[in-house]
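Peer 1: Mind having a look at this structure? Questions to follow.
The values are calculated or read from the model by the stated rules, or taken from the named source; none is laboratory data. Note that this is a predicted model, so its numbers are computed, not measured. We place every Cβ from the backbone using ideal geometry, glycine too, and count neighbours over all the protein chains shown.
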Amino acid sequence: MPISPARKIAYEVLRRVESGRTFAVDLLQGAQVSQLKEVDRRLATELVMGVLRWRGELDFQIEQLSGKPLKRFDSEVAALLRLGVYQLRFLEKIPKAAIVNEAVEMTKRVRKRSAAGLVNAVLRKCAPPAQRLASLPFEELNLESRQSLSRAVPAWLLARWAARDWTRGEAGLGLQACEAGAETAIKLAWASIRVPPTTLRVAGERVGLETLQRELAEAGIRTRPTRYAPRALVVESGNVWASKARGEGRVVIQDEASQLVAELVAPEAGQRVLDLCAAPGIKARQLAEALRRGTLVASDLSPSRLRTLRKLLPPRFPSEVQLHVLRLDATHPLPFGAAFDRILLDVPCSGTGTLARNPEIRWRLQPGDLNRLAQTQMTMMKNALESLAPRGRLVYATCSLEPEENEQVVERIMEGARDCRLLTQPELSREFPALGSFFDPRGYFRTRPDLHGMDGFFAAVMVRND
């Protein structure tokens, strides 16, 4: 029996993701997937991302159907069962017999012939849920669906979200806070399994938003402007990857929250700007376009990510911006002195604000990682402040929802930074009036997937005194 290319590729990608050394989104953009027919490419993407988003629920169903703990299964068999159960419970157009037969055949081909009978029995017992979650708004989910959602996020992470007072960004402060936090937690779980929007940034100043939108429409790509980012479009239908505009670098795929964080840097012509954790270079390009004239230093620790950065930066880089790409370890003192008028420090973090886009993060992250990451982030921020010029601005940013990586890092560092201060909510709202709703009373910038339909980002804007 032939195996469909989409399912074969999906299985191989999932196995590589399990190694913990790569991300699904990168593998799905690789040559192996891009060579598939469009229909197979879409199915492979659906299978990989669906299995990763729903892995907790899939594992629960496998254990219920088999009567065995998942740890008893070989990793190859577990991956094939997840693929099969995902198709049976979350997809509607593929006949059950085709799913079961192909899963059994794949089990044999990965040299697990002895498990073929088990795979066959488990999948034949699997039935679709009463509600198809993908087609319903959150408000219409029944109890079974909400329980499935609660299993789509690791229990420890869901519990810490439920215990938080989200109005203050702190741990729960009583029963009322916990009740509200529990509802927010399940909404965040819901947002984490939804397919995130593809958002574009119109690059350069020569082409307006409406002109680019018309060009994309002529290529069969329907878009709409975003609510907050001034040069952003959300793709509603069509394949933007194959578009001429993307190929020529006139549009860049970049989430709206990411664009807004770069806006906060607000470089002025002639300044010196440092993007300290720059790879893969999406924000660096945005900073260069906003700077127009001056110096931009883009640095990162990883040589491979710096190579990617160089590839992604356009050949028509702003001619009056001097670009320097450097390999630097920001956990060590920087070699610059107080040299930069603007610094963007978008630190490595847990990524809990981007679980819909990188769903494997939730299964790799462990509770102890948060404090470990926070220590690194504090060191980076302390070093970055040493390179901030008088009256300069530093934007500290994460794509995390966790206070250990966000306000707690900022507040600990600011305790010892006597010559620096945080910009306040009124100051930031005056400078960025369209973003006023994102600044909390302490002046911290926050976006949330469940509230805003974009990635979850945190940012703090600080300035050095004269």
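Peer 1: Name every residue in the range 274-309 that is surrounded by fewer than 19 Cβ atoms within 10 Å (Cβ to Cβ) and either more than 24 Å from Thr199 (Cβ to Cβ) or among the β-branched types (Val, Ile, Thr) (or both), in order of residue number.
Peer 2: Correct list: Arg293, Thr295, Leu301, Ser302, Pro303, Ser304, Arg307, Thr308.
Peer 1: Then there's this: Exactly one of (1) under 21 Å from Pro318 (Cα atoms); (2) surrounded by fewer than 19 Cβ atoms within 10 Å (Cβ to Cβ) is unmet by Arg231. Its number?
Peer 2: Exception for Arg231: condition (2).
Peer 1: Can you tell which of Leu276, Leu323 is at pLDDT 95 or above and in contact with a strand residue (DSSP E or B) (Cβ under 6 Å, 6 or more places away or on another chain)?
Peer 2: Every option except Leu276 fails the conditions.
Peer 1: Taking the criterion of being closer than 18 Å to Arg15 by Cα, assigned to a helix (DSSP H, G or I) and touching a residue at least 60 places away in the same chain (Cβ under 8 Å), would at least one residue in the range 84-98 satisfy it?
Peer 2: As a first pass, look at the range 84-98 and keep what is closer than 18 Å to Arg15 by Cα: 84-87.
So of that shortlist, the ones also assigned to a helix (DSSP H, G or I) come out as 84-87.
Then drop every residue that is not touching a residue at least 60 places away in the same chain (Cβ under 8 Å), which leaves none.
Scanning the range 84-98 turns up no residue that is closer than 18 Å to Arg15 by Cα, assigned to a helix (DSSP H, G or I) and touching a residue at least 60 places away in the same chain (Cβ under 8 Å).
Peer 1: Taking the conditions exactly as written (in the same structural domain as Gly436 (by TED's automatic domain parsing), touching a helix residue (DSSP H, G or I) at 6+ places or on another chain (Cβ under 8 Å), of a type in the set (S, T, N, Q) and buried (at least 21 other Cβ atoms within 10 Å of the Cβ)), does Gln271 satisfy them or not?
Peer 2: So Gln271 does not fit the description; no.
Peer 1: Name the residue that is nearest to Ala189 (Cα to Cα), counting only residues in the range 140-168 that are exposed (fewer than 15 other Cβ atoms within 10 Å of the Cβ) and touching a Pro at 6+ places or on another chain (Cβ under 8 Å).
Peer 2: Trp156
Peer 1: Now for a different question. Just to verify a result, which residue in the range 307-349, among those that are among the charged types (D, E, K, R), within 28 Å of the chain's Cα centre (by Cα) and part of a loop (DSSP other than H, G, I, E, B), is farthest from Leu276 (Cα to Cα)?
Peer 2: Arg316
Peer 1: Starting from the range 437-466, keep only residues that are under 17 Å from Tyr396 (Cα atoms), then list their pairs with residues that are β-branched (Val, Ile, Thr) and not in a loop (DSSP other than H, G, I, E, B) whose Cβ atoms are within a distance under 6 Å, requiring at least 6 positions of separation or different chains.
Peer 2: Asp455/Thr354; Phe457/Val261; Phe458/Thr398; Ala459/Val261; Ala459/Val395; Ala460/Val410; Val461/Val395
Peer 1: Just the residues that are outside any helix (DSSP H, G or I) and either surrounded by 24 or more Cβ atoms within 10 Å (Cβ to Cβ) or without any contact (Cβ under 8 Å) to a residue 12 or more places away in the chain (or both), please, taken from the range 61-83.
Peer 2: Hits for the range 61-83 are Gly67, Lys68, Pro69.
Peer 1: Take Glu268 and decide whether it is within 13 Å of Asp341 (Cα to Cα), outside any helix (DSSP H, G or I) and charged (D, E, K, R).
Peer 2: Yes; evaluated as a whole, the condition is true for this residue.
Peer 1: Ok, one more. Of all helices (runs of 4 or more DSSP H) completely enclosed by the range 1-60, which ones contain at least 1 residues that are assigned by TED's automatic domain parsing to the domain that holds Thr107 and buried (at least 21 other Cβ atoms within 10 Å of the Cβ)?
Peer 2: Counting at least 1 such residues, we get 5-18, 24-27, 38-53.
Peer 1: Looking for something farther than 20 Å from Ser429 by Cβ, out of contact with any Lys or Arg (no Cβ under 6 Å at 6 or more places or on another chain) and either assigned to a strand (DSSP E or B) or modelled with pLDDT of 95 or more (or both) - is there at least one such residue anywhere in the range 227-239?
Peer 2: Looking through the range 227-239, at least one residue is farther than 20 Å from Ser429 by Cβ, out of contact with any Lys or Arg (no Cβ under 6 Å at 6 or more places or on another chain) and either assigned to a strand (DSSP E or B) or modelled with pLDDT of 95 or more (or both).
Peer 1: Got a number for residues in the range 135-147 being assigned to a helix (DSSP H, G or I) and either closer than 18 Å to Phe60 by Cβ or in contact with a Ser or Thr (Cβ under 7 Å, 6 or more places away or on another chain) (or both)?
Peer 2: Selection size over the range 135-147: 5.
Peer 1: Go through (1) more than 20 Å from the chain's Cα centre (by Cα); (2) more than 24 Å from Asn383 (Cβ to Cβ); (3) buried (at least 24 other Cβ atoms within 10 Å of the Cβ) for Ser237 and report which single condition fails.
Peer 2: Failing condition for Ser237: (3).
Peer 1: I've got another one for you. How many residues are over 12 Å from Gln286 (Cα atoms) and basic (Lys, Arg) if we restrict to the range 185-205?
Peer 2: So the count comes out to 2.
Peer 1: Which is closer than 23 Å to Val17 by Cβ and touching a Phe, Trp or Tyr at 6+ places or on another chain (Cβ under 9 Å), of Leu123, Leu52? Show your work before the answer.
Peer 2: Details: Leu123 fails: touching a Phe, Trp or Tyr at 6+ places or on another chain (Cβ under 9 Å).
Only one candidate passes the filter, namely Leu52.
Peer 1: For residues that are in a helix (DSSP H, G or I) and either more than 17 Å from the chain's Cα centre (by Cα) or among the hydroxyl-bearing types (Ser, Thr, Tyr) (or both), tally how many sit in the range 401-455.
Peer 2: Going through the range 401-455 one residue at a time, the tally reaches 23.
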